[in-house]
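Trainee: Okay, here's the structure, questions in a sec.
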Amino acid sequence: MRPETPPEILLPATLGEALASLGERAAAPLAGGTWVMRAPLRREPFAPAYVGLSRIPELSLVEVTDDAIAIGAAVTHADLANALAGFPEFAGLRLAAGSSANPAVRSAATVGGNLCTADFAAADLVPALLCLDATVELAGPAGSRLIPLADFLAQRTGLLPGHILTKVVVARTGQRTAHARLPLRKAGDYPVAIVSVAMRVDAMERIGAARIAVGSVEATARRWTGLEDALLGEPLDGARTTGIAGSLLASFNGRDGVEAPGWYRVRVLPALAGRAVASLVAA
Ligand SMILES: Cc1cc2nc3c(=O)[nH]c(=O)nc-3n(C[C@H](O)[C@H](O)[C@H](O)COP(=O)(O)OP(=O)(O)OC[C@H]3O[C@@H](n4cnc5c(N)ncnc54)[C@H](O)[C@@H]3O)c2cc1C
């Protein structure tokens, strides 16, 4: 068999150059490479060329203001976890970034790569950012625009060609947040199911507005709105949450995979939801 020719890798220093290269060469962005490098294992062809994002300074910044946090697309999982230390309201996102995969992957894999890999259902940052109501910035030949993450996820395969996701913006609202994942050794560091939560809690420790997102169960992470509604006014209680969640599984259609069958991914969701809520009690 003829060995595959390695694709060309360009390393522009500015976003403008990167976008121009994408347009000229039918190239794809290259961030941490942790997904791209495994293309042969998935029996997928490499792109004709790749445009590396690591030398574009603004893509590696985490900027915190009183109102929001802006995370550059090329920030790695490890750097994000470090940057969020000292911000208890982002405990869920911090745990997602700091517990994904393994240390070597976390030091390379990026926020942008996690959000842009449409075929990667087990991405930890996607549900963690979905429950925070994040917005993404997409840059392309016609300029930049902000898009709610949920809308981006619904349309990303159509939106991405010729574009670069440049940053993720999350408002600072003082909610309590958590991230619960179930990794299985035979799943090779990938979580078989994830529940991320962001909740307002009143003075009586009762749940107010909640956003709950589920990852790795279906092809794309999504909100668990039935549980959000059912928990309104409930005490912040993990066991009670598990019980309530157990009666709200009918809307999930778990994906079958070599590491876990679809029914199993759905079956573990109530325990993960309970664990996430229980972790908020001590917050
Ligand atoms: C063994 C292993 C286990 C892993 N386990 C987990 C896990 O448990 N949880 C988890 O969250 N992650 C996990 N990952 C990492 C996962 O592969 C990455 O989080 C992510 O999917 C790819 O990020 P990356 O920066 O390496 O992207 P790359 O591999 O560089 O790119 C992935 C795709 O995104 C596109 N892309 C990248 N950045 C941008 C951008 N800014 N704009 C537009 N398109 C872009 C690329 O063109 C490509 O199509 C694991 C990886 C490995 C190898």
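The values are calculated or read from the model by the stated rules, or taken from the named source; none is laboratory data. Just so it is clear, the model here is predicted, and its values are computed rather than measured. Every residue, glycine among them, receives a Cβ derived from its backbone with ideal geometry; neighbour counts consider all protein chains shown. We work out accessible area using only protein heavy atoms, side chains counted, and drop any ligands, DNA or RNA first. Shrake-Rupley method; radii C 1.70, N 1.55, O 1.52, S 1.80 Å.
Trainee: Pulled fully out, how much extra length does the chain show between Ser107 and Glu17, if you take 0.36 nm times their separation in residues and subtract their Cα-Cα distance?
Mentor: 29.9 nm
Trainee: Would you mind pulling out the separation of the Cα centroids of segment 42-58 and segment 1-40, in Å?
Mentor: That distance is 3 Å.
Trainee: Just want the answer: with Cβ charges of +1 for Lys and Arg and -1 for Asp and Glu, which residue in Val217, Ala278, Ala91 is farthest toward the dipole's positive end in the chain?
Mentor: Sorting the options by dipole projection puts first Val217.
Trainee: For every helix of n ≥ 4 consecutive DSSP H residues, a contribution of -39,500 (n - 2.57) applies; sum these over the chain, divide by its total residues, and give [θ] at 222 nm rounded to the nearest 500 deg cm²/dmol.
Mentor: So the helix-based figure for the chain works out to -8500 deg cm²/dmol.
Trainee: In nm, to one decimal, how far is the Ser54 label point from the Ala26 one, both placed 7 Å along Cα→Cβ?
Mentor: A separation of 2.7 nm, rounded to one decimal place.
Trainee: Oh, and also: Please list log₁₀ I(q)/I(0) at q = 0.17, 0.20, 0.24 Å⁻¹ for segment 190-255, using the Debye equation with identical point scatterers on the alpha-carbon positions.
Mentor: Per q value, in the given order, log10 I(q)/I(0) is -0.60, -0.80, -1.07.
Trainee: Here's another thing I want to ask about it. Can you tell me the equivalent ellipsoid semi-axes for segment 8-52? Use √(5λ) from the Cα gyration tensor, largest first, whole Å.
Mentor: Square roots of five times the eigenvalues give 21, 11, 6 Å.
Trainee: Output wanted: per-residue J couplings in Hz (rounded whole) for segment 191-202, from phi through Karplus 6.51 cos²θ - 1.76 cosθ + 1.60, θ = phi - 60°, x for Gly and Pro.
Mentor: Couplings: x, 7, 7, 9, 10, 10, 10, 9, 9, 8, 10, 7 Hz.
Trainee: Looking only at Val51, Val126, Val217, which one moves most when the chain is put into a Gaussian network model with springs between Cα atoms under 10 Å?
Mentor: Val51
Trainee: How much accessible surface area, in Å² rounded to 10, belongs to the heavy atoms of Ser247 with a 1.4 Å probe?
Mentor: Roughly 90 Å² of Ser247 is accessible to a 1.4 Å probe.
Trainee: Over segment 59-192, what lengths in whole Å, largest first, do the semi-axes of the equivalent ellipsoid take, defined as the square roots of 5 times the eigenvalues of the alpha-carbon gyration tensor?
Mentor: So the equivalent ellipsoid measures 22, 19, 13 Å along its semi-axes.
Trainee: Same structure, new question: Exposed loop trypsin sites (Lys or Arg not before Pro) only (DSSP loop, at most 10 other Cβ atoms within 10 Å): please give the longest stretch of the chain free of them, not including the sites.
Mentor: 44-283
Trainee: Normalised by the number of residues in segment 57-171, what is the relative contact order in percent for Cα pairs under 8 Å and 6+ residues apart?
Mentor: Averaging sequence separation for qualifying contacts and normalising by length gives 28 percent for segment 57-171.
Trainee: Shifting gears a bit: Rounded to the nearest whole Å², what accessible area per residue is found for the chain with the 1.4 Å probe?
Mentor: It amounts to 47 Å² per residue over the chain.
Trainee: With the Cα gyration tensor of segment 184-226 in hand, convert its eigenvalues to equivalent ellipsoid semi-axes via √(5λ) and list them largest first in whole Å.
Mentor: 28, 12, 6
Trainee: Right, next: List the relative contact order of segment 109-167 as a percent without decimals, with contacts defined as Cα pairs under 8 Å and 6+ residues apart.
Mentor: 36
Trainee: Moving on. With a cut-off of 8 Å between alpha carbons and a minimum separation of six or more residues, what is the relative contact order of the chain in percent?
Mentor: 15
Trainee: Using a Förster distance of 51 angstrom, determine the FRET efficiency expected from the C-beta separation of Ala203 and Thr157, and round it to 0.05.
Mentor: 0.70
Trainee: Once the Cβ-Cβ distance between Asp256 and Glu44 is put in as r, and R0 is 35 Å, what FRET efficiency do you end up with, to the nearest 0.05?
Mentor: Here the calculated transfer efficiency is 0.95.
Trainee: Compute the longest continuous run of the chain that contains no exposed GluC sites (Glu not before Pro); treat a site as exposed when its DSSP state is not H, G, I, E or B and it has at most 13 other Cβ atoms within 10 Å.
Mentor: 5-204
Trainee: With a 1.4 Å probe and all protein chains in place, put Phe87, Phe252 in order of accessible area, largest first.
Mentor: Phe87, Phe252
Trainee: In Å, the Kirkwood hydrodynamic radius of the chain over pairs of distinct alpha carbons?
Mentor: Over the chain, the inverse of the mean reciprocal pair distance is 19.4 Å.
Trainee: I would also like to ask the following. Rounded to the nearest percent, how much of the accessible area of segment 79-197 (1.4 Å probe, protein heavy atoms only) is carbon and sulfur?
Mentor: Accessible surface attributable to carbon and sulfur in segment 79-197 totals 53 percent.
Trainee: Quick one: length gained pulling Leu61 to Arg240 fully straight, 0.36 nm per residue minus the C-alpha distance?
Mentor: Working it through step by step, the gained length comes to 60.4 nm.
Trainee: Right, another one. Taking every pair of alpha-carbon atoms in segment 130-283, give the share separated by more than 21 Å as a whole percent.
Mentor: 50
Trainee: With 10 Å bins from zero, work out the P(r) of segment 41-84 over every alpha carbon pair and list the percent per bin.
Mentor: Binned Cα distances yield the sequence 24, 36, 25, 13, 2.
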